[in-house]
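First the structure, in the form of structure tokens, and then the observations on it.
Since every read-out is calculated from the coordinates, none of them should be taken as a lab result. Just so we're clear, the structure is a prediction, and the values are computed from it rather than from any experiment. A quick note on method: Cβ atoms are made from the backbone with ideal geometry, for glycine too, and the neighbour counts reach across all protein chains shown.
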Amino acid sequence: MSQTNTSQTAFPPIAFIGGGNMASAIMGGLIRQCVPASNITVIEPFEAARTALKTNFGIDALPAATDALQNAQLVVWAVKPQSFKEAAAPVAAYTRHALHLSVAAGITTDSVAGWTGTGRIVRAMPNTPALVGKGMTGLFARPEVDAAGKALIEALIGSTGEFTWVDKEEHLDAVTALSGSGPAYVFLFLEAMTQAGVDMGLSEAQSYKLAVATFAGGSDLAARSSESAEVLRQRVTSKGGTTYAAITHMQEQKLPEHFIEAMRKAEKRAKELAEEFGK
Ligand SMILES: NC(=O)C1=CN([C@@H]2O[C@H](COP(=O)(O)OP(=O)(O)OC[C@H]3O[C@@H](n4cnc5c(N)ncnc54)[C@H](O)[C@@H]3O)[C@@H](O)[C@H]2O)C=CC1
Ligand SMILES: O=C(O)[C@@H]1CCC=N1
């Protein structure tokens, strides 16, 4: 079931380990909910990223772990899978009492438990539309996380858009391949549609506008409609018409099959990341 958080939550002190794209998307949601910057501690070694956090959110990020982390009741891990283990080493001693939320692709909660010394972990797979409050996040909680912990995570992630819980942790690799990486697929299609528009004589700006509005409108129509995507597609596709010409070519070229195969590559890569960087 897909949900959005609507209730106002009093957030406890929160620490972010890593202050890049995903951390900023989640922080943006918190700031929109009027969480004061003083409630948020960020560990971010990269100076340019710390400057961006100050400019965007008024947050004074720290370059390395300190005992300031002891106050945090919730720790959000927003580092690359490759950096997780190294990032956890100086942080773990301060944060064993806290609830942990990891957004790292592939990295299992068993790995995170080993590095943080606690099993109170929720693993999440958000996506970048969270930056504009339109995110879609898959969530998995270990049994050690109680109802209050889950409610806190729902409030945090709900501030960035929608979420859905999965029962099996491995399903987060599917979520990663679908909605986590998915914005990049949309942007690739936008690039191709814009190029086609330019090739047919439209300006780049006009083509891009048409392409973006088409994705947004198509998605909104699908979200509001009780009809399946297949039926909605058929409604656009007059027999012998223009859409028919395009869709027939895509099907002859096995575009849907290639697309599904590509997404299975993303799922496979998530499992490889766990193998490569989870030990
Ligand atoms: N970008 C995306 O679309 C999505 C990313 N994710 C996951 O989010 C995580 C972060 O990705 P992004 O925000 O895109 O990357 P990013 O590169 O923008 O942010 C990672 C930040 O971690 C910092 N960092 C590196 N070593 C550190 C350390 N030892 N301690 C603290 N911070 C450290 C880096 O300086 C950087 O600012 C990744 O694990 C990724 O799998 C999940 C869903 C979507
Ligand atoms: O490409 C990645 O590994 C991350 C996870 C999902 C989106 N970006």
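Note on the chain: antiparallel DSSP beta bridges, both residues inside, total approximately 20 percent of the bridges counted. Neighbours of residue 52 by Cβ distance under 13 Å: Lys/Arg scored +1, Asp/Glu scored -1, total -1. Here the peptides 13-22, 130-139 are ranked by packing, the mean other Cβ count within 10 Å, and the order with the highest first is 13-22, 130-139. The loop-placed chymotrypsin sites (Phe, Trp or Tyr not before Pro) in region 166-256, going by DSSP, include none that has at most 13 neighbouring Cβ atoms within 10 Å of its Cβ. Counted over all Cα-Cα pairs of region 14-172, pairs farther apart than 23 Å make up 29 percent.
Compactness check for region 181-275: Cα Rg over 2.2 N^0.38 Å is 1.27. In this structure, residue 253 and residue 70 have a Cβ-Cβ separation that, at R0 = 51 Å, corresponds to a calculated FRET efficiency of about 0.35. Against the chain, whose longest principal axis is taken from its Cα atoms, helix 182-199 shows a tilt of about 40°. With contacts taken as Cα pairs under 8 Å and at least 6 residues apart, region 121-196 reaches a relative contact order of 36 percent.
The average projected area of the chain, computed from the convex hull of its Cα atoms over all directions, is 16.5 nm².
Here is how the number arises for the chain: DSSP H runs of 4 or more residues each give -39500 (n - 2.57), the sum is divided by the residue count, and the result at 222 nm is -15000 deg cm²/dmol. Computed over region 45-105, the percent of Cα pairs more than 13 Å apart is 67.
Remark: the chain carries a charge dipole of roughly 240 debye about the Cα centre, counting +1 on each Lys and Arg Cβ and -1 on each Asp and Glu Cβ. Sequence-distant contacts, meaning Cα pairs under 8 Å at least 6 residues apart, place the relative contact order of the chain at 18 percent.
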